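What follows is one structure encoded as structure tokens, with my remarks underneath.
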């Protein structure tokens, strides 16, 4: 499914709650200044000085800076573009490097990081998509040792079971997902409690939060 029929969501958590900031139409870069950001605020909404980036409210320059609570989360989802794509829309590529500047305790990926769920894709195609994910999504987070947890979506490795063939319809994609994540499980910087079914099923504890 193409990116323009999906959404790209970043949400920020504070005091056991999440403050959501939609990034579907994100076009800003690191050079965006606070004046440009404020010009997009509705007339009946004001931004107090505490919402500008400070040590207690970290954020990229000019971006929304909610006050830090007990834990700060960033949630990303549906990053993929058209079937078989090994690159991402510019909104995604620009946003991912900004995430560490919000200083999240944890980044959660809710799935659909690659553009699979198509039987004509070869093993090589699927490997290339995971290579693109590693280059554009995983590496910027890995380089700063950002705690990162993933959910396998239907476009990553569909769990659709084909009863007539007594097996998974998208077995190639499940195989490649498991192969990629078996190499990068230790890069996620989270404390696994149970990982026998990783990346499809697992649990972990992070800052006293069980997930």
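The values are calculated or read from the model by the stated rules, or taken from the named source; none is laboratory data. Please read all numbers here as calculations on a predicted model, not as lab measurements. Quick reminder, even Gly has a Cβ in these numbers, built from the backbone with ideal geometry, and neighbours come from all protein chains shown.
Details
- For residue 164, the conditions (1) assigned to a helix (DSSP H, G or I); (2) modelled with pLDDT of 95 or more are fulfilled apart from (2).
- Residue match in region 168-190 (condition: free of Cβ contacts under 8 Å to residues at least 24 places away in the same chain and under 16 Å from the mean Cα position of the chain (by Cα)): yes
- Residue match in region 76-88 (condition: modelled with pLDDT of 95 or more, closer than 30 Å to residue 205 by Cβ, out of contact with any helix residue (DSSP H, G or I) (no Cβ under 7 Å at 6 or more places or on another chain) and buried (at least 20 other Cβ atoms within 10 Å of the Cβ)): yes
- Among the residues of region 139-158, those that are in a loop (DSSP other than H, G, I, E, B) and in contact with a strand residue (DSSP E or B) (Cβ under 7 Å, 6 or more places away or on another chain) comprise 146, 147, 151.
- Yes/no for residue 178 being part of a helix (DSSP H, G or I), modelled with pLDDT of 95 or more and surrounded by 13 or more Cβ atoms within 10 Å (Cβ to Cβ): yes
- Selected residue (only one of 155, 206 is surrounded by 15 or more Cβ atoms within 10 Å (Cβ to Cβ), under 30 Å from residue 72 (Cβ atoms) and at pLDDT below 95): 206
- Number of the exception - residue 112 against (1) part of a loop (DSSP other than H, G, I, E, B); (2) under 18 Å from residue 178 (Cα atoms); (3) without any contact (Cβ under 8 Å) to a residue 60 or more places away in the chain: (3)
- The one condition in (1) assigned to a strand (DSSP E or B); (2) within 18 Å of the chain's Cα centre (by Cα) that residue 136 fails to fulfil: (1)
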